[in-house]
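Undergrad: Would you mind keeping the following structure in view while I ask a few things?
Since every read-out is calculated from the coordinates, none of them should be taken as a lab result. Here the structure is a predicted model, which is why all the values come from computation and not from measurement. Here Cβ is always computed from backbone atoms with ideal geometry, including for glycine, and neighbour counts include all displayed protein chains.
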């Protein structure tokens, strides 16, 4: 084998080694984190650090699993309060826990028999009421500028949406832009999208 061939083989071997090293390094970064590596905090620590400027209001949510999912979403994004209204079920409840996975212990909640009464109380405390609903005057979520003061985000019934009386006393209505044939999202999915947008825009 002449010198040129040896140099060529060395170049190929080096390239293979470099690619293998890169793959191994990249592969290590794809390994899932262990539970201890997630740095989870306790429910009491969560309550001390949670954002109390944002309140989630559930207007007559019929599915307990949707309620549990929204508890879990609020926990994930550090939202400290959920107000459950009307027919919305309250913890402790086995069906709620199936999706909440313990988030009912970290996120504070309160029950109101009337959503309108809940909204009036929030307004008296200085909250801007933002209903997530498709209306003639609703603003698109991606274009909406959230107020810098206290806000309450209202999510409505899976079939009927938010009660008309609640819409009338809301400061804003916003909707999630959609492209498909249904123009309908599960309420827990909607909550996840909206709350991520709030956090993403740095309002936490």
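Undergrad: Below 8 Å between Cα atoms, with a sequence gap of 6+, how large is the relative contact order for segment 42-200 in percent?
TA: 27
Undergrad: Let me ask you something else. Hull surface divided by four, with the convex hull built on the Cα atoms of segment 99-158: how many nm²?
TA: Values: hull surface 24.2 nm².
Seen from a random direction, the Cα hull of segment 99-158 projects 6.1 nm² on average.
Undergrad: Per residue and in Å³, how big is the convex hull formed by the alpha-carbon atoms of segment 25-183?
TA: Spelled out: Cα convex hull of segment 25-183, divided by residues, is 169 Å³.
Undergrad: Now a separate question. Using a 10 Å cut-off on Cβ atoms, rank the peptides 149-157, 33-41 from the highest mean neighbour count down. Show your work: numbers first, answer last.
TA: On the way: 149-157: 20.4, 33-41: 8.2.
Result, highest mean Cβ count within 10 Å first: 149-157, 33-41.
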